[in-house]
Each structure stands twice: as C-alpha cells, then as structure tokens.
Amino acid sequence: MDQTPRTLPRFSATFDPGTLSEIRRAAATGIYDIRGGGAKRKLPHFDDLLFVGASISRYPLEGYREKCGTDVLLGTRFAKKPIALKIPVTIAGMSFGALSGPAKEALGRGATAMGTSTTTGDGGMTAEERGHSNLLVYQVLPSRYGMNPDDLRKADAIEIVIGQGAKPGGGGMLLGQKISPRVAAMRTLPEGIDQRSACRHPDWTGPDDLEIKIEELREITDWEKPIYVKVGASRPYYDTALAVKSGADVVVLDGMQGGTAATQDVFIEHVGLPILSAIRPAVKALQELGLHRKVQLIVSGGIRSGADVAKALALGADAVAIGTAALVALGGNDPALEDDYAKLGTTAGAYDDWHEGRDPAGITTQDPLLAARLDPVAAGRRLANYLSVLTLEAQTIARACGKSHVHNLEPEDLVALTVEAAAMAGLPLAGTDWIPGGARY
Amino acid sequence: MREFDLAAEPVRALNAALHALPPDTNETHWRVANPQGKHAIAVGLDAPIEIQIDGHAGYYCGGMNKSATITVAGNAGVGVAENMMSGSVRIKGDASQSAGATGQGGLLVIEGNASARCGISMKGIDIVVKGNIGPMSAFMAQAGNLVVFGDAGEALGDSLYEARLFVRGKVASLGADCIEKPMAAEDRAALNAVLTRAGLEDVAPDEFKFYGSARTLYHFHVDNAGRY
Ligand SMILES: Cc1cc2nc3c(=O)[nH]c(=O)nc-3n(C[C@H](O)[C@H](O)[C@H](O)COP(=O)(O)O)c2cc1C
C-alpha cells in the first residue's frame with residue numbers, strides 16, 4: 001500500500017462546515033434561513049473592556065456595608081408620572097405570540113419581585129401580563145397589532161418601536177405554526193398563516209411626523225406616561241438626536257447581538273452595529289443637547305452579567321434591557337432538556353428555531369401542551385434570582401470603583417483590551433493613553 | 001351645545017375636557033371653532049358625544065376614537081381617525097395620507113379625496129371615500145371594508161390580508177397579492193351595510209368592482225420569492 005505521507009483533511013476557514021451546510025440548505029429549499037436569537041458570530045463586546053478599580057488615586061467603598069444605589073427614574077422630561085425602577089435592568093419587549101402565556105407571566109412575576117418593568121411586544125397586551133407586571137411598558141409598533149387606547153391608558157409607559165438591533169430596518173415575522181386562534185384574534189389575522197409585520201410605521205414617516213405622533217399619544221394619555229423611542233443600533237448619534245428632537249422621554253438602543261423571535265439569519269448577522277460601538281455616540285448626542293440623564297438611555301443587546309450592566313452604565317446608559325438572558329433564566333435552552341433538543345436536530349444552548357414554536361422549555365411556543373411545561377411561579381422566581389445577581393454584581397463593581405450609585409460609574413473607570421474595542425467605545429487601550437479612532441461626530 | 005375656541009384655548013384643554021366626560025354625560029354636543037390645522041384634536045375619546053370641528057384639522061384628528069361622532073367641516077391632515085375603535089368620523093373636505101390607518105372599528109367617511117396610504121393596515125374599520133384615493137392604499141390591510149367612489153392610485157391593496165376593497169372608478173394598479181374578485185353575496189351585503197351606515201344609499205353596489213387577497217403570500221414559498 002502507498003506509504004506516501006498525506007496531509008490531513010482540512011476544512012476551509014472561508015467555506016467552513018457551517019457555511020457549507022447553509023449552502024446545502026439554501027439549495028434544497030430556495031428560501032432564506034429564519035431563526036430566533038441575536039448575532040451568533042463573535043463581535044467586539046463588553047468582554048473587551050475592563051474596570052480599572054480603585055487603589056491610591058481612587059478610593060473604594062466597602063463591599064457589603066456602604067450604600068450603592070441602583071434606582072432609576074425614567075421619563076422625567078415630560079411625563080407627569082415617571083417610572084421608578086429599583087434596579088437598572090428592565091425586561092425587553094417580547095410579544096405574546098413569540099412567547100407563551102406562562103413565559104409572559106413568569107417575566108412579569110420575576111420583574112415585579114425585583115421592582116422593575118416588563119414590556120409588551122408585537123401582538124398587543126394580554127390581561128395576564130398586565131396582571132402580573134407591576135410596571136408594564138406598552139409597545140407601539142409598525143404593525144399596530146392589538147393596538148388599543150384602553151391598553152394604552154393601562155400602561156405605565158409607552159414605547160414607540162422604530163427598530164430592533166437584530167434587524168434595524170426590518171419588520172416582524174411570526175410563522176404560521178405560532179398563529180394560534182388566540183394569537184390570530186389578537187392580531188386580526190387568519191389562523192396559521194405566515195405573518196409579516198410592517199417595517200415602517202403606517203401613519204408617520206420622518207422625525208417631524210414622529211414628533212406629532214408622540215404629541216398625539218401624549219394627548220390621548222393626558223401627558224401622564226413616559227414615552228420611549230426604541231431604535232436598533234444603526235446610526236446611533238443621529239437616531240438618538242432625532243428621537244430627542246421628536247420629544248422622547250427615554251431612548252432605547254438595541255445592538256445587533258439583541259435577540260429576535262424570528263428574523264432572516266442574514267439580517268441578524270449582517271445588519272446593524274454591536275452595542276459596544278453604539279453607546280458612546282448615543283450618549284454624545286444626549287450630552288450635546290444638554291439632556292444626558294434628563295432623557296434616559298436604555299441599552300440592550302447581549303447583556304449577560306452584572307459586569308455587562310456596569311460597563312453599559314459606565315459608558316453612559318441609565319439602564320439596560322434583557323431579552324435572551326431572561327429567557328435562559330426562565331429555563332430556555334436548558335441541558336436538562338437535551339433529549340428533546342436532540343429530537344429537534346439541535347442541542348441545548350444552540351436551539352434557535354423559535355419561529356417553529358416547538359420549544360421543549362415551553363417558552364417560545366403557542367402549543368398548549370408545551371407551554372404547560374413552564375411553571376410561571378418557579379420560572380419567575382429564577383428570573384428574580386438572576387436579576388438580583390445582575391444587580392449585586394453591578395454594585396460590587398461600582399463599589400470597587402468607589403461609586404455610591406451605579407450611575408456614578410463613568411468612562412474613566414474603563415479601559416479596553418483590544419484596539420477595536422478601544423476605538424469603538426472611545427476608551428484608552430489598557431496600559432496606554434491611546435484612544436484609537438478619529439473625531440467622533 | 002358646548003363651544004370650544006381653539007384660538008383662545010390650547011388643544012390640551014379641549015382633550016382634557018373631553019376625556020373628563022363620563023360615559024353617561026349629558027354634555028353630548030360640542031362645537032370646536034378655529035381648529036387652524038392644529039394636531040391631535042379630539043383624540044382618545046371614549047364617550048358617545050357629537051363634535052363638530054369648524055375648519056381644518058391637522059394630524060391625527062379623532063385618533064383612536066371610541067364611541068364619539070366627529071365631523072370635520074374642512075380638510076384633515078395625516079392619519080385622521082388612526083386606529084379608530086368605534087364611533088364615526090366624517091371629513092367634509094379632503095384627507096391627507098394614512099386616513100383611517102390601522103383602524104379597528106367604526107366608520108370613517110371622507111367626502112372629498114384621500115391621499116396616499118388610505119386604510120393602511122386597517123383592522124376592521126369601514127372607510128368610505130367619495131372622491132379618489134392615492135397610491136399604496138390598503139397596504140397590508142387586514143380586515144374591514146374600504147369603499148371608494150372615485151379612482152384608486154397605484155399598488156392598491158399591496159400585501160393585502162382579509163380586508164375588502166370596493167372601487168367604483170379606475171384602479172391605477174394592484175399591489176402584490178391583490179386581485180379583482182367576483183362580488184359574492186356576502187361581499188355585496190358588506191358593501192350595502194357600509195353604504196347604509198354612511199348614509200349613501202343612492203349608489204348601486206353593482207357599480208363597484210371588488211378586490212381582495214389572492215392569498216398566495218400567506219405562506220413563505222420559494223416560488224413567490226420574486227414578490228416578497
Ligand atoms: C423572543 C423574542 C421576542 C422579541 N420580540 C420583540 C418585540 O415584539 N418587539 C421589540 O421591540 N423587540 C422584540 N425583541 C427584542 C428585545 O426587545 C430586545 O431588543 C433584545 O432581546 C435585547 O437583546 P438580548 O436578547 O441580547 O438581551 C424580542 C426578542 C426576543 C428574544
């Protein structure tokens with residue numbers, strides 16, 4: 001037999017096995033890949049930043065004794081009734097439809113236990129989520145599914161959704177498997193069809209119109225409720241300035257790691273900015289308008305830990321929002337369900353076919369049997385625990401930096417580990433005084 | 001009859017007074033003078049009252065209306081009666097873009113013309129336009145009836161769901177998945193009911209052509225790729 005040495009079989013870095021499988025899938029089906037979740041590729045993120053802590057030049061606070069505030073007041077600009085959160089972490093908008101009834105209930109229970117808010121989504125408000133959420137933000141989306149002035153008045157705040165980090169410029173999608181009779185009725189759509197929701201609002205186009213739209217919503221609700229404007233990270237400096245010009249009380253900025261219930265994979269992975277690169281431009285816009293901390297900034301997209309929370313706040317945000325991490329805390333993608341995931345041709349931690357509605361954890365489904373698997377009380381408790389850890393961790397870091405409130409964290413507390421992160425976040429590369437990148441805006 | 005002068009008091013005062021009315025109020029007749037194209041006039045109402053606005057209204061007049069009967073004796077700006085739930089809004093003049101957008105119920109009558117995107121994303125509202133409507137009207141319209149006495153602009157009913165569109169004049173072009181259909185008995189009954197509610201019984205249903213969804217875009221399919 002031939003003894004000639006041979007090279008090992010070698011995969012291409014460009015045409016890697018994942019890429020090849022996608023080419024085959026595309027060739028077989030003729031339709032783009034749709035999935036849930038956020039960008040899965042490795043991106044510059046909060047992991048690329050470090051807090052420098054305190055020593056001689058800065059004085060720390062005692063870890064367990066000295067007070068470190070975490071409260072946030074949202075909507076102080078125009079609303080008669082601003083929202084007071086106990087922690088700087090909110091639950092992002094996720095629709096009933098994308099999520100099961102028990103999942104929405106669990107989000108409400110967990111958030112309420114910790115003194116924070118939840119948010120409706122592309123599908124209207126359910127009585128269950130209003131009942132279980134002490135503070136509920138009501139989304140006004142392009143689709144206006146289930147939009148209703150009574151719910152608007154029942155809400156604690158209103159969030160006008162212009163875009164999401166996972167798909168800035170894209171509309172919603174809910175495939176037929178999840179359009180159950182109840183979801184269909186809430187959205188005024190036939191059961192079982194693939195629903196594409198609009199990407200543009202139906203009754204306003206530019207910032208001048210948005211300003212009038214906000215005025216209308218304020219008039220309808222007698223100027224009581226804070227009005228948020230949510231944008232995907234796209235042109236954060238200009239979008240923040242325009243949201244403020246339009247009269248927003250709060251700007252919500254969502255980066256490309258941010259989850260979605262169902263979107264084309266190509267959109268998730270290739271459109272929009274990582275949140276790390278979007279916070280400073282947004283804060284700059286607020287500062288230039290003299291409104292930093294007066295118009296509050298909520299950021300989201302890949303927030304996982306108290307370190308991420310602290311870093312986002314140090315870059316200038318007032319609070320963060322979480323979607324994916326909250327679903328994991330409820331019990332999503334749990335290795336305990338590995339057998340079920342294997343039956344779906346995937347594995348715990350990688351499951352992202354949320355649009356198919358077969359989630360064995362009972363979270364991203366409308367199947368009553370699967371949904372019944374999620375115990376909303378226990379799941380709500382897990383979410384409360386997780387929120388508590390995020391808060392304790394952020395406080396730990398803030399105290400180490402000598403801050404008596406998490407909002408006192410500042411860019412000077414941070415350095416970057418990579419040149420990319422330094423340029424994107426406008427921070428010095430660790431060990432240097434070098435902030436790469438040109439003038440910002 | 002309560003008179004309200006928007007030259008003397010702000011829109012905020014008008015809406016606050018209207019919102020304070022209990023459902024069984026006996027202040028059921030209101031007249032608003034000098035609207036001067038102001039925005040958000042009589043929005044978010046929730047009482048069975050009648051309001052006459054004597055002049056032109058700006059954006060979102062009658063927005064999210066429930067129960068009230070609103071008449072604009074003039075033209076109306078963008079998004080008149082947007083997301084109306086019930087009651088009725090009547091515009092004696094012309095309406096700008098997105099008239100009746102996302103309306104869930106109630107009746108909107110526009111005696112003049114309506115601009116682009118009339119009835120966009122409508123969800124159960126009935127809209128009657130005695131003149132013409134602009135392009136992209138009834139885009140993604142989900143439910144309800146749009147009745148047009150005149151002509152319709154380009155891309156009528158693009159990505160239509162289950163709303164019914166009746167047009168008496170010419171249609172410049174149909175949008176994706178919108179087709180002309182034979183008017184079945186139930187469609188004719190729906191048209192008749194809308195005309196009756198609008199007090200426009202002197203026109204025969206047979207003069208209208210009926211358009212609805214071809215329902216070919218209801219499921220993602222490779223053979224429809226060119227139309228998405
Ligand atoms: C299942 C799911 C459904 C969502 N639905 C909506 C929605 O209806 N409206 C919206 O503005 N954002 C929606 N989002 C995006 C979230 O509000 C949020 O921007 C994002 O999840 C934050 O990023 P993270 O998931 O990395 O925490 C959804 C996200 C998920 C995971």
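Okay, here's what the table says:
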| quantity | calculated |
| --- | --- |
| Residue within the range A:298-307 that is more than 21 Å from A:Met94 (Cα to Cα), away from the ligand (no atom under 16 Å from the Cβ) and assigned to a helix (DSSP H, G or I) present | no |
| Unique match (being surrounded by 20 or more Cβ atoms within 10 Å (Cβ to Cβ) and touching a residue at least 40 places away in the same chain (Cβ under 8 Å)) among A:Ala372, A:Ala361, A:Ala430, A:Ala421 | A:Ala421 |
| Only listed residue being more than 12 Å from chain A (Cβ to nearest Cβ), under 25 Å from B:Thr196 (Cβ atoms) and not in a strand (DSSP E or B), chosen from B:Gly103, B:Gly112 | B:Gly112 |
| Matching residues in the range B:48-67 - criterion: being within 14 Å of chain A (Cβ to nearest Cβ), part of a loop (DSSP other than H, G, I, E, B) and not aliphatic (A, V, I, L, M) | B:Gly58, B:Tyr59, B:Tyr60, B:Cys61, B:Gly62, B:Gly63, B:Asn65, B:Ser67 |
| Some residue of the range B:57-76 being buried (at least 24 other Cβ atoms within 10 Å of the Cβ), among the aromatic types (Phe, Trp, Tyr) and at pLDDT 95 or above | yes |
| Verdict on B:Gly93 being in a loop (DSSP other than H, G, I, E, B), closer than 16 Å to B:Leu195 by Cα and either more than 12 Å from every other protein chain (Cβ to nearest Cβ) or in contact (Cβ under 8 Å) with a residue 60 or more places away in the chain (or both) | no |
| Scope the range A:221-233; condition surrounded by 24 or more Cβ atoms within 10 Å (Cβ to Cβ) and of a type in the set (A, V, I, L, M, F, W, C); matching residues | A:Ile227, A:Val229, A:Val231, A:Ala233 |
| Exclusive hit being part of a helix (DSSP H, G or I), away from chain B (no Cβ under 14 Å) and either within 10 Å of the ligand (Cβ to nearest atom) or more than 16 Å from the chain's Cα centre (by Cα) (or both), set A:Ala278, A:Ala325 | A:Ala325 |
| Verdict on A:Thr70 being within 16 Å of the ligand (Cβ to nearest atom), within 27 Å of the chain's Cα centre (by Cα), in contact (Cβ under 8 Å) with a residue 40 or more places away in the chain and buried (at least 19 other Cβ atoms within 10 Å of the Cβ) | no |
| Matching residues in the range A:185-202 - criterion: being surrounded by fewer than 22 Cβ atoms within 10 Å (Cβ to Cβ) and not in a loop (DSSP other than H, G, I, E, B) | A:Ala185, A:Met186, A:Arg196 |
| Conditions (1) within 10 Å of the ligand (Cβ to nearest atom); (2) outside any strand (DSSP E or B); (3) away from chain B (no Cβ under 12 Å); number of the one not met by A:Arg182 | (1) |
| Filter result for the condition that a residue is under 21 Å from the mean Cα position of the chain (by Cα), surrounded by fewer than 22 Cβ atoms within 10 Å (Cβ to Cβ) and closer than 20 Å to A:Ala92 by Cβ, over A:Ala379, A:Ala384 | A:Ala384 |
| A:Gly124 being at pLDDT 95 or above and touching an Asp or Glu at 6+ places or on another chain (Cβ under 9 Å) | no |
| Breaking point among (1) away from the ligand (no atom under 14 Å from the Cβ); (2) surrounded by fewer than 24 Cβ atoms within 10 Å (Cβ to Cβ); (3) β-branched (Val, Ile, Thr), for A:Val295 | (2) |
| Qualifying positions in the range B:31-47 - in contact with a Cys (Cβ under 9 Å, 6 or more places away or on another chain) and away from chain A (no Cβ under 12 Å) | B:Pro35 |
| Total residues in the range A:328-341, condition without any contact (Cβ under 8 Å) to a residue 40 or more places away in the chain and either within 16 Å of the ligand (Cβ to nearest atom) or not in a helix (DSSP H, G or I) (or both) | 4 |
| Residue selected from the range A:224-271 under the condition assigned to a loop (DSSP other than H, G, I, E, B) and of a type in the set (Lys, Arg), by the criterion nearest to B:Arg12 (Cα to Cα) | A:Lys225 |
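Okay, residues lined up against (1) of a type outside the set (Phe, Trp, Tyr); (2) touching a Gly at 6+ places or on another chain (Cβ under 9 Å):
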| site | (1), (2) |
| --- | --- |
| B:Phe149 | no, yes |
| B:Ala152 | yes, yes |
| B:Gly157 | yes, yes |
| B:Leu160 | yes, yes |
| B:Arg164 | yes, yes |
| B:Cys178 | yes, yes |
| B:Ala184 | yes, no |
| B:Asp187 | yes, yes |
| B:Phe208 | no, no |
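Condition check ((1) within 16 Å of the chain's Cα centre (by Cα); (2) within 14 Å of another protein chain (Cβ to nearest Cβ); (3) not in a loop (DSSP other than H, G, I, E, B)) across all residues:
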residue	(1), (2), (3)
B:Gly124	yes, yes, yes
B:Ile127	yes, yes, yes
B:Gly150	yes, no, no
B:Glu154	no, no, no
B:Leu160	no, yes, no
B:Leu165	yes, no, yes
B:Asn192	no, no, yes
B:Glu201	no, no, no
B:His219	no, yes, no
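The values are calculated or read from the model by the stated rules, or taken from the named source; none is laboratory data. These numbers were taken from a predicted model, which means no experiment stands behind them. Cβ coordinates were reconstructed from backbone atoms using ideal geometry, including for glycine residues, and neighbour counts include every protein chain displayed.
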